Every structure is written in structure tokens, then in C-alpha cells.
Amino acid sequence: MASLSMAMAIFLFSTLSVGNKAALVDLTVSEVGVARLAIGAGFFWLITLAARQRPLFDAHTGRRLLMGVLDPGLVAILIVWSLSLTAAVNVAVFWSLMPLVMPILGRVFLAEALRLRDVAGALVAFAGTVLLIHHQFEIGAGSLLGDAIAAAAVFAACINQLIARRVAQTAGRPLVTTTLQVTVAVVIALVVLLAVERPPAPFRDLSTDQIWLLLYLGIATASPFFFYNYALARLPVARASLFSALTAPLTAALAALFLGEIMTGIKIGAIAVVLAGILLATLGPTSKAAGRR
């Protein structure tokens with residue numbers, strides 16, 4: 001169930017790269033960030049109140065708020081910014097760095113066991129990612145600044161995942177955690193909108209299609225964090241982060257379908273390599289020590 005939850009989270013994250021890219025045609029970075037986060041926060045506040053999740057504030061509130069500052073707060077803004085500069089697939093492939101980084105961070109900061117299968121799978125998945133991003137640059141779809149911003153977003157997400165794992169283990173309550181996370185992120189996005197970009201007339205003359213797109217982006221922005229927070233109570237960060245390698249293959253396919261980005265034989269081969277790395281780590285017997293502190 002935890003693996004299925006992670007797969008659902010990654011699928012929704014993958015649709016965000018394509019959806020954000022489409023939204024940026026008519027809206028600014030901060031407009032997209034504020035709209036999707038505000039809609040996502042409102043959606044989860046309704047669910048939390050309906051589920052009578054109380055108390056909303058407890059001894060773990062500080063960590064939950066810090067998680068919101070990092071991801072989706074900073075991450076959402078950085079990702080949308082990077083998408084305004086580079087291809088959707090380029091942004092997605094940087095998430096494949098997480099399976100390489102998180103096993104080490106999980107070992108150092110959470111004392112989690114490091115499985116050889118996880119490391120091998122991460123290396124295979126990363127090889128596919130390198131092939132994919134190299135091919136993107138060869139066909140002129142890369143941007144060094146956009147890719148650097150995407151890498152910064154991934155770093156913030158890695159730190160957030162360490163905190164999220166500890167909160168999930170000690171506090172649980174993924175619905176409350178997600179609601180507070182996304183609420184804090186709205187504040188950060190509003191600061192960027194009002195103090196940095198300051199568009200003259202934000203959200204003016206939105207079409208029906210844009211409204212529906214923003215509604216989807218809002219729900220798809222917040223929902224993966226619920227799936228993440230649920231899964232991280234049951235999976236070590238090394239195993240959970242491995243699923244992020246699926247972001248690049250899924251985004252490549254979605255970008256080809258909805259954005260007209262080219263799907264070549266090399267891309268398909270790179271995607272197959274990434275999937276092989278995921279299967280290498282996830283299939284077979286599970287180590288009992290994998291989640292032990």
C-alpha cells in the first residue's frame with residue numbers, strides 16, 4: 001500500500017510539470033504558484049475539517065510548518081520558475097537525483113539501513129536520467145539557469161523528506177501535516193507575488209480553460225504530499241525517494257502527449273533504463289532492517 005501511495009504521488013507530480021508549463025503561457029510564475037497552492041490548501045482544509053482532525057496544532061507543529069516552507073513553499077516557486085526557462089522533461093529528470101542522495105542522507109541523519117539493492121537501483125535509474133538529459137541538450141531543449149534552479153528545488157525537497165520521515169514516524173496524521181504544509185506554502189507564494197514579481201493585474205481575464213487548469217493544479221499540488229506523508233511512515237527514505245526516478249519517464253510521455261515535445265527512440269530507451277532501476281530496487285524480498293532506526 002505504501003508503494004502504491006508513492007506511485008500515485010509521483011504520477012501527480014509528473015502531471016504538474018506539464019500543467020505548470022501550460023499555465024505559464026498566460027500567467028506569471030508567482031500567479032501560478034499562488035493559485036495552485038491556495039486551491040490545494042483550501043481543498044485540504046475542507047477535508048481536514050470534515051474529518052474532524054483535531055488538534056491541528058501540537059508538539060510537532062513547528063516541524064510541519066518548516067516542511068511547508070521547504071516543500072511545497074520554496075520547491076513550488078523554484079519549479080515553476082525553472083519551467084519558465086527550460087523544458088518540462090529537463091525539470092523532471094532532476095528529481096531522479098533524489099534516489100542517489102536520499103539513501104546517504106537517510107543513513108547519516110536517520111540511521112536507516114542502506115540496502116545494496118537500493119543503491120544499485122538508484123545508480124541504474126540515474127544512468128537512464130543522464131542519458132535522457134544529455135539527449136535533451138543535444139536537441140536544444142536545455143537551459144543551464146533553468147536546470148540549476150530545478151536542482152535547487154530538488155535539494156530543498158531532499159531536506160524536507162528527512163523532516164517528513166521523522167514527523168511521519170513520531171506523529172503520524174498525514175492529513176494534518178499536509179494541510180499545514182500547503183497553508184505555509186501559500187504565504188511564501190504570496191510574498192513572491194506581492195514583493196518580487198508584482199504583476200500589474202494578477203489573475204485578470206482568466207478563461208474557463210485556465211480556471212479549470214488551475215483547479216487541477218491546486219489539487220494535484222497538495223494531494224501528493226498526503227500520499228508522501230502516508231508512505232513515509234512505512235518506507236525508509238531510500239526506498240521512498242527511489243520512486244522519484246519515475247518522474248522523468250512519466251513527464252516525458254505526458255509532455256509528448258500534451259505539449260508536443262518530441263519523443264525519440266533515445267528517450268524511450270532512457271525511460272526503459274530508469275524503469276529497470278526502479279524494478280531492481282523494489283522487486284524481491286524486503287529487508288527487515290530497511291526501516292529500522
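The values are calculated or read from the model by the stated rules, or taken from the named source; none is laboratory data. Note that the structure is a prediction, hence the values are computed from the model and not measured. So basically every Cβ, Gly included, is an ideal-geometry build from the backbone, and we count neighbours across all protein chains shown.
When region 59-74 is filtered for residues that are closer than 15 Å to Ala38 by Cα and crowded, with 20+ Cβ neighbours inside 10 Å, the ones remaining, listed by number, are Gly68, Asp71, Pro72, Gly73, Leu74.
Name the helices (runs of 4 or more DSSP H) wholly within region 205-284 that hold at least 3 residues that are closer than 25 Å to Arg107 by Cα and not β-branched (Val, Ile, Thr)? Break it down stepwise before answering.
On the way: elements: 208-231, 237-242, 247-258, 265-282.
So the answer is 208-231, 237-242, 265-282.
What are the residues in region 1-37 that are under 25 Å from Pro200 (Cα atoms) and not in a helix (DSSP H, G or I), if any? Within region 1-37, Leu24, Val25, Asp26, Leu27, Thr28 qualify.
Please note which helices (runs of 4 or more DSSP H) are completely contained in region 38-137 and include at least 1 residues that are hydroxyl-bearing (Ser, Thr, Tyr), touching a residue at least 60 places away in the same chain (Cβ under 8 Å) and within 18 Å of Ala233 (Cα to Cα).
Details: elements: 61-68, 75-83, 88-94, 98-110.
Of the helices (runs of 4 or more DSSP H) lying wholly inside region 38-137, those with at least 1 residues that are hydroxyl-bearing (Ser, Thr, Tyr), touching a residue at least 60 places away in the same chain (Cβ under 8 Å) and within 18 Å of Ala233 (Cα to Cα) span 61-68.
Here the condition is being of a type outside the set (Asp, Glu), at pLDDT below 85 and within 14 Å of Ile149 (Cβ to Cβ); of Leu116, Leu83, Leu74, Leu78, it holds for Leu83 alone.
There is no residue in region 156-171 that is farther than 30 Å from Ala125 by Cα, more than 16 Å from the chain's Cα centre (by Cα), part of a helix (DSSP H, G or I) and aliphatic (A, V, I, L, M).
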